[in-house]
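The values are calculated or read from the model by the stated rules, or taken from the named source; none is laboratory data. Values in this document were obtained by computation on a predicted structure and should not be read as measured data. Using ideal geometry, Cβ is built from the backbone for each residue, glycine included, and neighbour counts are taken over all protein chains shown. Note: accessible area is taken over every heavy atom of the protein model, side chains too, but ligands, DNA and RNA are not part of it. Shrake-Rupley method; radii C 1.70, N 1.55, O 1.52, S 1.80 Å.
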Amino acid sequence: MEQEMEYRQQVIQEYRSMLEPLLQYLPWLEKNAGKTASRSYQGQGLSRKSMSFPVYDANLMNFVREASGSGLMDRNYCYVYTRNRIRTHDDERRVIAAAELRDWDILRGILSKYVLEGQTKATLWGEAVQENIFALVLGRMRRIVGYWDKTRW
């Protein structure tokens, strides 16, 4: 029994170390929920025939950069979606709200989808901010770690 508690505490400390650097962005993500986090570039020399591209808020770019280099990324996130029948933003929010410690990999999968897939689909980062997915995942992860962490940060 004591070994199990030690192992759980070790896992929580590992989760905490992965999560802590991202929590600095949580207030910004919560404040910008429901808002667009990007705008189309309208610079000089851009003609009507040119393709526009999104320009993201610096906070969002820093968050994505930090998240993509963290241990929270799961390159097999698509399996999380198929295994748990997640298809819509409402499904994501429902799964996030019900997540417990045993569902940590599901939270990682949802976060990974938007961070990693956003590197090729320009709209996903802004969509995750607008739909409040990033903030919900980080908030839930913080609650899980806070509940199980015996050192109480």
_I need the full set of residues from region 106-146 which are among the hydroxyl-bearing types (Ser, Thr, Tyr) and out of contact with any helix residue (DSSP H, G or I) (no Cβ under 8 Å at 6 or more places or on another chain), in order please._
120, 123
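Results for (1) within 20 Å of the chain's Cα centre (by Cα); (2) open to solvent by 100 Å² or more (accessible area, probe 1.4 Å); (3) among the basic types (Lys, Arg); (4) modelled with pLDDT under 95, shown as yes or no for each residue.
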| position | (1), (2), (3), (4) |
| --- | --- |
| 9 | no, no, no, yes |
| 24 | yes, yes, no, no |
| 32 | yes, no, no, yes |
| 42 | no, yes, no, yes |
| 52 | no, no, no, yes |
| 55 | yes, no, no, yes |
| 66 | yes, no, no, no |
| 92 | yes, no, no, no |
*asked:* Take residues that are among the β-branched types (Val, Ile, Thr) and tell me which of the helices (runs of 4 or more DSSP H) falling wholly in region 47-129 contain 3 or more.
replied: 104-117
_In region 94-109, the residues that are within 12 Å of the chain's Cα centre (by Cα), open to solvent by less than 40 Å² (accessible area, probe 1.4 Å) and of a type outside the set (A, V, I, L, M, F, W, C)_ = 109
